[in-house]
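First up is the structure itself, then whatever we jot down about it.
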Amino acid sequence: MNILDEVKNCRTIGISGHIRPDGDCVGSCMAMALYLEKALPKARVDVFLGTFSEALQKNIAGAEKIHHEYMTDVEHYDAFLCLDCEKERLGDALDLFMKAGKKINIDHHRTNSGSGDVNYVVPTASSTCELVYTTLDERLMDVNIARNLYIGMVTDTGVFMYSNTGRQTMEIAGKLMEFGFDFSAVVREVFYEKTYVQQQILGRALLESIRFLDGRCIVSMVDRRTMHFYQATSSDMDGIASELVHTEGVCCSIFMYEIEPMTYKVSLRSTGEVDVSKLALLYGGGGHARAAGCTCNASYHDIINNLAPYIEEQLNAGVHV
Ligand code: AMP
Ligand code: MN
Ligand code: MN
């Protein structure tokens, strides 16, 4: 896909991504916005996203331009881009997307069947940022666009560690580095650095974790009272599920935090012996084979009891993803 072929005659372009936006979501939305503003100087480009971490606010170029209220004087956008998710995860931006003249969906989630009039969904891509890069004319790229894309790729590959990292990922990352931003500082600040609150809540989650299925699965939960005590928000929970799955002998981790009474945001991670996207689908969620998520309306114990047999079945079947 060449994005300019799709939107060259548009005067108003809206962009959004999934609720509780992560580095790939914010990075892809803002890289695309900066690029379109440059390529189409007469067009109006608006980005709508929920709130995100301070590290992303600081490191994503143009983050201050993002609208966090989903209000606009544009009746319907000539084109609206849904990035890093299917339309069901757009949250309050869904209405703007549905009303748009042309709906464009760019995503890498295997559970996305395509939400737009035009779909560029490639499950083998490491990240939406990797896909966005392939839609751009390199001659119009600059250091800010490059850094935003790099942030998304780093976020979704665990700094080029996860199995979604491919030759294309590394080649694109190499080209992005040549734009000359401080990639070492970006990785530290966006991926490794945690606030004191994040460290404390991670510590709690590790301390209270429980292993089951002969130590091959691990689960932990943070309730609303604990979140309130630490003044933690949903973006403070990022990374805990991945940290749990790094436990020796563990193939699958389940991390959940309470959004409302009896409603949990569930994150699932796997080292390859379990396809966690299938587990997330059971609850109407989705994602990738080794990283997926969903929202569950059930008690903590019911969620574990429901998921455990499916995990066990996959472990016994010798799945490899
Ligand atoms: P999380 O556990 O929220 O960090 O998400 C892990 C992966 O699954 C990310 O790639 C998410 O974008 C994806 N994901 C999380 N929740 C959902 C959902 N409800 N539907 C589809 N994909 C999801
Ligand atoms: Mn994402
Ligand atoms: Mn992504």
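Overview of results
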item: In Hz, Karplus ³J(HN,Hα) per residue of segment 234-240 (6.51, -1.76, 1.60; θ = phi - 60°; x = Gly, Pro); result: 4, 6, 6, 8, 4, x, 5
item: Segment 1-150 shape via C-alpha gyration tensor axes, a/c threshold 1.5; result: rounded
item: Extension gain (nm, one decimal) between residue 243 and residue 170, 0.36 nm per residue minus Cα-Cα; result: 23.9 nm
item: Segment 224-317: chymotrypsin sites (Phe, Trp or Tyr not before Pro) in DSSP loop, at most 15 other beta carbons within 10 Å; result: none
item: Pairwise label distance in nanometres, residue 98 with residue 228, each label 7 Å out on the Cα-Cβ vector; result: 3.4
item: Modelled FRET efficiency - R0 35 Å, residue 143 with residue 113, Cβ distances, 0.05 increments; result: 0.45
item: 37 °C / 0.692 mPa s Stokes-Einstein diffusion coefficient of segment 193-278, Kirkwood radius on C-alpha pairs, µm²/s; result: 251
item: Loop-located GluC sites (Glu not before Pro) in segment 210-275, at most 14 other Cβ atoms within 10 Å (DSSP); result: 248
item: Gain on full stretching of the segment that runs from residue 194 to residue 179 - 0.36 nm per residue minus C-alpha separation; result: 2.7 nm
item: Computed [θ] at 222 nm, deg cm²/dmol, the chain (DSSP H ≥ 4; -39,500 (n - 2.57); rounded to nearest 500); result: -11000 deg cm²/dmol
item: Cα-based helix-to-principal-axis angle, 196-207 vs the chain, degrees rounded to 10; result: 40
item: Relative contact order computed over the chain (Cα-Cα under 8 Å; 6+ residues apart), in percent; result: 13
item: Extension gain from residue 212 to residue 2, taking 0.36 nm per residue of separation minus the Cα-Cα distance; result: 70.8 nm
item: Whole-number D in µm² s⁻¹ for segment 99-160, Kirkwood Cα-pair radius fed into Stokes-Einstein, 4 °C, 1.567 mPa s; result: 103
item: Relative exposure of 15, 311, judged by other C-beta atoms within 10 Å (fewest first); result: 311, 15
item: Overall form of segment 157-225 per C-alpha gyration tensor (a/c, 1.5; a/b vs b/c); result: oblate
item: Cα lying deepest toward the dipole's positive end in segment 121-215, options 153, 198, 165, charges on Cβ; result: 198
item: Two-decimal ratio, the chain, of alpha-carbon radius of gyration to 2.2 N^0.38 Å; result: 0.98
item: Highest to lowest packing among 63-71, 17-25, scored as the average C-beta count within 10 Å; result: 17-25, 63-71
item: Estimated distance in nm for a label pair at residue 317 and residue 69, the labels positioned 7 Å out from Cα along Cα-to-Cβ; result: 4.9
item: Local electrostatic count, residue 195, Cβ distance below 9 Å [Lys/Arg +1, Asp/Glu -1]; result: -2
item: Segment 138-185, relative contact order [Cα under 8 Å, separation at least 6], %; result: 48
item: Sorted peptide list for 173-183, 80-90, criterion being average Cβ within 10 angstrom, highest first; result: 80-90, 173-183
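Taken together, the values in this text are just the output of simple stated rules run on the coordinates, not laboratory data. None of the values given here were measured: they were computed from a predicted structure. Quick reminder, even Gly has a Cβ in these numbers, built from the backbone with ideal geometry, and neighbours come from all protein chains shown.
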